[in-house]
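The block underneath contains the structure these notes are about, expressed in structure tokens.
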Amino acid sequence: MTIASKTIWSQFIQRKLLLIIFLATLLTGSFLLIDYLGTQILSTLRAYVHGESAYSKGQKNALIHLMRYINSHNPARYEKYRQQIAIPIADKHARLELEKQNPDLFLAQQWYIRGGNHPHDVEQMARLFTYLKYFQATRQVLELWREADGHIEKLDEHASIIHTLIETKQADNEQLNGQVAQILGINEQLTLLEEQFSASLGQIARQTERALFSATCLVSFGLLLLFSFVVTRTFRHIKGTKEKYRTLFEESLNGILLSSAEGKLTEINPMGGWLLDLEDSRQVSSYSLAEVFAKFRNGEALYERFLAAKQLENVEIEILQQETTKAFALLNVIAQYESNGRIHSYRTILRNITDQKLAEQVLATHCQELKKINTELDSFVYRASHDLRAPLASILGLIEISKPEVDLQQRTAYLQLMSKSVHKLDNFIKNIISYSKNTRLEPTAEPIDFSKLISEVLDDLHYMEGVDKIAIQIKIEAASLFYSDPFRLQILFSNFISNAIKYRKPIAEPYLQIKIETSEQKAIIEFIDNGIGIEKEAIDKIFNMFYRATEQNAGSGLGLYIAKEALNFLKGSIKVDSQVGKGTHFTLELPSMVAPAN
């Protein structure tokens, strides 16, 4: 081992130990900071969950006392109503204060206390609100809160009207019943919003807990690795031998070159010899750094830059072999100084990044795909949870209001509404199943009988509302057998036919024309209707997940997205022509999955 190598190794260990001590201190401080922040955030989220419970309880108790006041006309009941409704109203004032550009935190805390929150929690609640109110997840929660406060205001307005009617003795049963109906409607809306608010808070708490747990695990793992590294490297430094150093030097995946202060090479490892295409990496005394730089593209200018700065750091270079690029590398040239400040040697490191450069394009493509998948997954989870809960909440509400109902006709109406919600939930679950199968199942090539396929789809849609009000015209010109995936074709036909039924014009004579032309190479499928049409600016969005171009029908917004995904699996294309009020024309072109015989 050369004297320069020994000195470099010793200095390397000293710098690493200082770096390790710094990193250990930094990681320990980070761990304590994460633990403190996590405790504060989770404690405050717990306080908000308690506050939501007090808000909901106050609103429900206020409603109970108001209903008793309507039945008894007892002023004491109305006073109890005022006491209970003051709780959510106080929370509203706290929110309004904290949403200001420069909020009065003390005033907001006082409102929180009036809203039933513990005095020890209100300071952190106010501060967390100001820190997180600009985040997307928090904005969604605040929107629910604002909407609920609006319903509280409406409830209080109706209560004031009822109180005036009763106090002035102008109330009759018809007026009171009308007010009660509106109050119950508001209560249903509040119940739904309170459930959504609680669920959103729970989701934020779970996400925060997972993030904090992951951060804690990462820091703990980092500390373990760090101290293991310290012990290992210290032991190697104390017990190290020439052979161990030689093994580390020679087996490094980086090219390492050691040179004197005059620029003459003293050592080079095998990776350095391979990268620089030296005939014998162990006989290096005849080479200089200038000759090494000559093997780089634009090496002369780079060498002049090194002479001026006496070092180079993370310079991306191309290593040439007979005027062509052999490899890519990151170049670092570091000067080693004596105690008197004079340079005694240089260390040159060539980090081979050829594979990294070649993989960058593939990585960029994968990143784009992952971003698309993550965006769709976030949207899917949020919308799916909402669309699954909404029909269930509607059914629960209808059950509650139908319990005291004695009118058989009214009960039948409630059951019809429940049936509608169940069908909506069933259709959404079917869409999810279709989406799952479409993404998991490999396409299978089978000869397609389009008449049979359309008949099966129409049978599935037999009970769909409005199916008997649209004329379906089918024209099939099959020049030869066409091979494709029957499952995905069924997805396509089901979605386009059901859309034509759902979005028909009620005042016209609605129709749907299905035209199919097949050959050995491809199939052209057209769906032409005279429905309500699609706005021009919405055509490019109709295949997005959960996008709905119109509110005429409460669809899930998944149908055309799943259809487009199925079309992509079949390597097909689609063209859309539509005019509002006149209809829509979809043209699908699908290649055959079996190549025609020569």
Any residue at all in the range 149-162 that's within 31 Å of the chain's Cα centre (by Cα) and either farther than 30 Å from H73 by Cβ or small (G, A, S) (or both)?
yes
For K505, all conditions in the list (1) touching a residue at least 60 places away in the same chain (Cβ under 8 Å); (2) under 19 Å from I574 (Cβ atoms) hold save one; what is the number of the exception?
(2)
For a quick check of your reading of the model, give me the residue pairs whose first member lies in the range 297-320 and is under 13 Å from L331 (Cα atoms) and free of Cβ contacts under 8 Å to residues at least 60 places away in the same chain, whose second is of a type in the set (S, T, Y) and in a strand (DSSP E or B), with beta-carbon atoms closer than 7 Å and at least 6 apart or on different chains.
E318/T325
Can you tell me which residue among L377, L370, L363, L417 is within 28 Å of L461 (Cα to Cα), open to solvent by 70 Å² or more (accessible area, probe 1.4 Å) and either modelled with pLDDT of 60 or more or not small (G, A, S) (or both)?
L417
Which of the residues belonging to the range 308-350 are open to solvent by 40 Å² or more (accessible area, probe 1.4 Å) and more than 20 Å from L276 (Cα to Cα)?
A308, A309, K310, Y337, E338, S339, N340, G341, R342, I343, H344
The lone condition Y134 fails out of (1) of a type outside the set (K, R); (2) more than 18 Å from G58 (Cβ to Cβ); (3) crowded, with 16+ Cβ neighbours inside 10 Å is (3)
By residue number, the members of the range 96-113 that are in a helix (DSSP H, G or I) and either more than 23 Å from H158 (Cα to Cα) or open to solvent by less than 10 Å² (accessible area, probe 1.4 Å) (or both) are E97, L98, L105, F106, L107, A108, Q109, Q110, W111, Y112, I113
Tell me, yes or no, whether the range 163-179 has at least one residue that is more than 18 Å from N71 (Cα to Cα) and exposed (fewer than 15 other Cβ atoms within 10 Å of the Cβ).
no
Within the range 35-72, restricting to residues that are farther than 26 Å from Q196 by Cβ and surrounded by 14 or more Cβ atoms within 10 Å (Cβ to Cβ), the one that is modelled with the lowest pLDDT is D35
One residue is enough: does the range 121-139 have a residue meeting the conditions within 22 Å of N187 (Cβ to Cβ) and assigned to a helix (DSSP H, G or I)?
no
So is F496 under 28 Å from V422 (Cβ atoms) and at pLDDT 80 or above or not?
yes
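The values are calculated or read from the model by the stated rules, or taken from the named source; none is laboratory data. As the structure is a prediction and not an experimental result, all values here were calculated from the model. No Cβ is skipped: glycine too gets one built from the backbone with ideal geometry, and neighbour counts run over all protein chains shown. Just the protein is used for accessible areas: all its heavy atoms, side chains included, with ligands, DNA and RNA removed. Shrake-Rupley method; radii C 1.70, N 1.55, O 1.52, S 1.80 Å.
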